[in-house]
Each structure stands twice: as structure tokens, then as C-alpha cells.
Amino acid sequence: MGVYLLTNENLNQHAQDILSRLDDQKKKAISAQEVAEELEKFLEYGVPVKQAKQTLLKKFGVNTSVPPDAVDRTLLADLQPNTRNVKLVAQVISVNPKDIMVKGQPKTIFTGLLRDESGTLPFTAWDKPAINEGDIVEIANAYTREWRGKVQLNFGNQVMIEQKEKDALPKETFEPKKVTIDEINPLVGTVEITAKILSVEEKEITVDEEKKTMYTGALGDSTGKIPFTAWKDFGLSKDSTIHIKGGYVKSFRGMPQVNLDENAEVKKQKKQIKEADIPTRSLRLFEVDDNPGLFDVHVSGRVIEIQQGSGIILRCPECNQVLREEGCRVHGKVDGIPDLRIKCVVDDGTGSVKTVLNKDQTEQVIGKTMDECKQLNPEELQSLMNKSLFARVVIMQGNALQDFYGSSFLANSFEIVDEDVEEKVDQVRSALEELA
Ligand SMILES: [Zn+2]
């Protein structure tokens, strides 16, 4: 601590230094003595002089950002957590608004993905950044934090963004990466893969009041399955095997998916991938936590907790959100529509995952319809749910999702395994592994 305490003379010098950088109006509003006192407060708390000065300058409205020319560019792969004044040259792969709650208030922030010759990295911006998908940009005065052991890149309010030409990045930056489906994660950027179309569906959507046709479905190869979205008509048909070059990967609803836009090349392959060679992967629950979200997989485990919010609930007729006592968070007091669900935690000894059983699954598990459940008092319903599900071993097939709130499992099929449960699970697992 003593290291940071200064003589009065030194303190005065630093205060004068700060004062000299303020605009005329602020200079009149504050004396050197007051600046020195504020500075001293920081120093007493052990804040280094340099940092204390920066903080005070900011407080007085002085732009403390470093001119971009004064800093060297960092490659995305070399970024360290908790670094200020970060400078990058990168291509914008995606940028999307994201609605979050900050201290109970809804706020729209922006998230996206950047890439350079070293790799890809997500970013977060609190205000709409002046960038579009595909832009090559120099980003200066960004900063990094650490989140769940990973580097998180932020554009703060001092960020400076400058458009660049394509030759600002080496050519290999734009080469798609050859991958198999199990190697795909939300940070892989653009990819080259060969896969079979397991399903495809045409959808009409409205973007900026303009009608658009998109195609969604699933792809499979010998390592797994993944959803895709095509923003243009590539003539995709179910069961055909295609080679994709230049599709980009983006996380959507907690799961990576392959996006095909006008930059993607899609070619039909003569050599077909057999459906039987495409596995429905069987995962231990620690793998669900370690992976970025997986499409159509099996998991199993024991129900170790039935959570609050299970049973009869009311949903908002406008937005389908679960109502609280005071109504819908967005639509206020509304006449709720009843629904039935069970929120539970499934654990297999290696890890655990949260899952929500929908009305049909809940009715099946507890052996009563929603109307019959409405006749029960809450304690009776609670004890029926406990009796039917607590400590039982279950097998689920569906999607493992990984989002801001952690991992969860969206089960398309949910089955309680009866009698000799452990043994049955082992049997099912080995059966599944043989299939795979
Ligand atoms: Zn609502």
C-alpha cells in the first residue's frame, strides 16, 4: 500500500496534470486541491497512480482511449482476458441483436462473431456497432474479460471501428475449414463438409417487411447430425448427399447450426452417405456440459430433483411466457392459458442437466390428464409428480442446448426405465453404441 502514497508535491503535480487535460468549462468548476483530494482517495485504496488518473480523467469526461496507431494489432487467437485497448483486424461473420434483462429491465445488446487468419471469436457490444456481416474492419479500443474460463471480447463505449479492404487480411482467412459434423462448434467460422440431408422444410418468413423463403432441416455424416438453414434455394432434397463449401456456423437457440447464404457452394454428390452410417450419438452428461449444443442425441440418468415451477402453470396468450403473480413481464395483466409441465434435473454420476417435460410428456409420466390434475390441490399434484419421477432412471432423446444460462436438454422423447433400472440403462446404452 505504502508504495502508492505520494508526497504532497507529487500529488499536486498529478492533479495539475489531470486539470490540464480538462476542457475550459470543467477547469473552472473544479480546483487543483479538489482533484488532488479525489486522487488521494484512490491511492489510499491501493489503486496505482496511473490507473487512478485514468479513472479520474474518465469521470471528468476526457476521452482516455489510445490512438489506434499507438497500439499493435493482436490476433484473435492471442487475445488474453482482462486486456484494455485491444486492436484487431477481422472480418465480421455475424452480428445480431440479443434481448437480455439488466437489473430487471429489458435491453437489446449486440453479439456476433469475428474471424481473422488465426481463428474466430465472439464479441459483445452494448450499443449497435457500425458493422455488417462480411465487413473487414479494424477495431481499436476494445477490451476483454474472462467468462467461464474463456476470453470474452467487448466493444465498450470507446471502441473505434474503421472499414478496411479485403487485402487487410491474408487470403487463408477466407478459406473454409474442412470438418466433420462432430468437429463443428460455434467458433469454427466457415466450413467445408460432405453430408446427407436428413430433412428439409421450406418456410416463408418476413424480414424488414420483405417476404423471404428459407429452408431448414438437418444434415448428417458418419460422426453425427446438425441443423442447417439455407437462405437461398440450392435445390436441396431429402436423402441426397451434398458437398458444402463456405457454409458458416452460428449458434442458434443454444445449438450450432450450418448457415448457407449466397457465398456458399453446394454440389450434389454421386457417392451417397447411407442413413445407417449416421449415428444418433449417446452421451454421458459431462459431455453435454463440455459441448456447444448437440442435435438429436441420447442421454440417460436419474431424476435427482423436481424443481419449483412444476405442475399447472399459466402462460401469456400473447407471448407464451409463464405468468408470474403480477402477470406477464411484457404484457402485464392477461387471462393466462393453463399448461402442465415438470422441470427436473437428471444426473448420471458424471454430470447433470436440466430438462422440462411438456404437457404430453408430463401427462404420460404421472398417468393423469391436465384436467384431472386441475382437480387436485397443489400438494397432491406435487406428491404425485414426486412419486412418478423422483429417483427414477430416464432415457431421453433430443437436443442438448448450451446457452447463456448453462446447459439444458430439450427432450423429444422421454422414457422412464422400469425395474432393474441400472442394468436396463446399461443394456440400452450398449445397444445404442452398437447401433452407432
Ligand atoms: Zn406476454
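Which of the strands (runs of 3 or more DSSP E) found entirely inside region 157-267 contain at least 3 residues meeting this: more than 28 Å from Gly398 (Cα to Cα) and hydroxyl-bearing (Ser, Thr, Tyr)?
none
Go through (1) under 28 Å from Gly104 (Cβ atoms); (2) polar (S, T, N, Q); (3) surrounded by fewer than 18 Cβ atoms within 10 Å (Cβ to Cβ); (4) in contact (Cβ under 8 Å) with a residue 12 or more places away in the chain and name the single condition Asn386 misses.
If we test Asn386 against (1) under 28 Å from Gly104 (Cβ atoms); (2) polar (S, T, N, Q); (3) surrounded by fewer than 18 Cβ atoms within 10 Å (Cβ to Cβ); (4) in contact (Cβ under 8 Å) with a residue 12 or more places away in the chain, just (1) comes out false.
Please go through region 341-357 and pick out each residue that is surrounded by 15 or more Cβ atoms within 10 Å (Cβ to Cβ) and either within 16 Å of the ligand (Cβ to nearest atom) or assigned to a loop (DSSP other than H, G, I, E, B) (or both).
Across region 341-357, the qualifying residues are Asp348, Gly351.
When only residues in region 272-326 that are within 16 Å of the ligand (Cβ to nearest atom) and in a strand (DSSP E or B) count, which is nearest to the chain's Cα centre (by Cα)?
Within region 272-326, the match that is nearest to the chain's Cα centre (by Cα) is Val322.
Hey, among the residues in region 288-340 that are among the charged types (D, E, K, R) and either at pLDDT 90 or above or open to solvent by less than 70 Å² (accessible area, probe 1.4 Å) (or both), which one's nearest to Glu363 (Cα to Cα)?
Asp339
Can you tell me which residues in region 327-340 are within 25 Å of Thr369 (Cα to Cα) and within 16 Å of the ligand (Cβ to nearest atom)?
Val334, Asp335, Gly336, Ile337, Pro338, Asp339
So if I check each of Glu183, Glu201, which one is of a type in the set (D, E, K, R), touching a Phe, Trp or Tyr at 6+ places or on another chain (Cβ under 8 Å) and either free of Cβ contacts under 8 Å to residues at least 40 places away in the same chain or surrounded by 13 or more Cβ atoms within 10 Å (Cβ to Cβ) (or both)?
Selected residue: Glu201, the only one of Glu183, Glu201 that is of a type in the set (D, E, K, R), touching a Phe, Trp or Tyr at 6+ places or on another chain (Cβ under 8 Å) and either free of Cβ contacts under 8 Å to residues at least 40 places away in the same chain or surrounded by 13 or more Cβ atoms within 10 Å (Cβ to Cβ) (or both).
Give just the number: which of (1) open to solvent by less than 10 Å² (accessible area, probe 1.4 Å); (2) within 27 Å of Phe414 (Cα to Cα) does Val249 not satisfy?
(2)
The values are calculated or read from the model by the stated rules, or taken from the named source; none is laboratory data. Please read these numbers as outputs of a predicted model, since none were measured by experiment. Note that each Cβ is placed from the backbone with ideal geometry, even for glycine, and that neighbours are counted across all protein chains shown. Areas reflect the complete protein model, heavy atoms only, side chains present, ligands, DNA and RNA absent. Shrake-Rupley method; radii C 1.70, N 1.55, O 1.52, S 1.80 Å.
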